Amino acid sequence: MLKIKSHAVGIDKGTFTLFSDFETGGKMWTGTGPREVVKWIKFNDAFSSPPSVNLVISLWDVHQGHNMRMEYRAVEINEIGFKAIFKTWGDTKIARVQMSWQAIGEVADPQDLWILSD
């Protein structure tokens, strides 16, 4: 459980295309076996401590004639960002994936910064 010590809480969010392999013949569309894509996502502003990150798939374009296998998660979460990892395996063919994320965590209180600057 994330316990926030401050009354100053920040919520950041975004959407990004993780890959689009159909047009380029990339490994997620043409490959087989274990495959992985990793992307670093930077927050718009830094948090005071690592936030809680929720990562979801907002678009998933897959080949209908193959099994649909996936694993995805946010890892290496810190105050300035995180890595989004997407994995597949076997004969799964994925044309593209778009993801959305939301981070919630403690941020510096502007009032506290004002007190420190006196």
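The values are calculated or read from the model by the stated rules, or taken from the named source; none is laboratory data. Keep in mind that this is a model prediction, so the values were computed, not measured. Using ideal geometry, Cβ is built from the backbone for each residue, glycine included, and neighbour counts are taken over all protein chains shown. The accessibility values were calculated without ligands, DNA or RNA, using every heavy atom of the protein model including side chains. Shrake-Rupley method; radii C 1.70, N 1.55, O 1.52, S 1.80 Å.
On the protein heavy atoms, probe 1.4 angstrom, tell me the percent of accessible surface of the chain carried by carbon and sulfur.
52 percent
Starting from the Cα of S100, step 7 Å along the direction of its Cβ; do the same at V38; then give the gap between the two resulting points in nm.
Result: 2.7 nm between the two label points.
What number comes out for accessible area per residue over the stretch 1-115 if the probe is 1.4 Å? Units Å², please.
It amounts to 60 Å² per residue over the stretch 1-115.
Can you give the charge dipole size of the stretch 1-114 about its Cα centre, rounded to the nearest 20 debye, using +1 on the beta carbon of Lys and Arg and -1 on the beta carbon of Asp and Glu?
I would put it at about 380 debye.
With a bin width of 5 angstrom, please list the P(r) values of the stretch 1-50 as percents of all Cα-Cα pairs, from the 0 bin to the one holding the largest distance.
4, 13, 19, 14, 12, 9, 11, 9, 6, 3
Which entries of K13/K93; K3/K87; K3/K39; K27/K87; K13/K83 have Cα-Cα distances beyond 21 Å here? List each step's numbers first, then the result.
Working: K13/K93 28 Å; K3/K87 30 Å; K3/K39 27 Å; K27/K87 11 Å; K13/K83 14 Å.
K13/K93; K3/K87; K3/K39, as the Cα separations exceed 21 Å there.
Taking just the alpha-carbon atoms of the chain, what radius of gyration and Dmax come out, in angstrom?
Radius of gyration, then largest Cα-Cα span, for the chain: 18.1, 66 Å.
How high is the FRET efficiency from D45 to M70, r the C-beta distance, R0 30 Å, rounded to 0.05?
With R0 = 30 Å, the Cβ-Cβ based efficiency is 0.50.
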